[in-house]
C-alpha cells in the first residue's frame, strides 16, 4: 500500500504518486512517447482535487514532488544525450562532406588538362 493510501481523502494523492513513479520509470527507460501519452491521465488525476489538500496528503505529495524532480533531471539527461548525438552527427557530416569534396576541387581538373 502507498504512503497514506488508506486515509480519508488521500487516495487521489496516492494515485498522483503512482503516476509520478510511472513517469520516472518511463523517463529512465527513455520511453518518451509513452511518457508523453500520460498527459491526459495527469489531467484526469488533478481535475477533481480540492484547492487545499488534506493534511494527511502532505507526505504523499512531498514524495511525489521529489519523484517529479528526479523525472525532470532524467529528462534533462536524455536531452543532453540527444544534443550530443546531434552534434556528433553534424560533425561527422561536415567531415564526410569535406572528404567528398576533396577530389572535385579546381586543382584536379587543372591537373587533368595538363597531363
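Residue 51 fulfils the conditions (1) touching a residue at least 40 places away in the same chain (Cβ under 8 Å); (2) over 11 Å from the mean Cα position of the chain (by Cα); (3) not in a helix (DSSP H, G or I) except for a single criterion, (1).
Considering the conditions (1) modelled with pLDDT of 95 or more; (2) surrounded by fewer than 14 Cβ atoms within 10 Å (Cβ to Cβ), residue 23 is excluded by exactly one of them, (2). Annotation for segment 47-60: no member residue is farther than 30 Å from residue 8 by Cβ and in contact with a helix residue (DSSP H, G or I) (Cβ under 8 Å, 6 or more places away or on another chain).
The values are calculated or read from the model by the stated rules, or taken from the named source; none is laboratory data. The model shown is predicted, which means the values in this text are computed figures rather than measured ones. In this analysis, Cβ positions are derived from the backbone assuming ideal geometry, glycine residues included, and neighbour counts consider all displayed protein chains.
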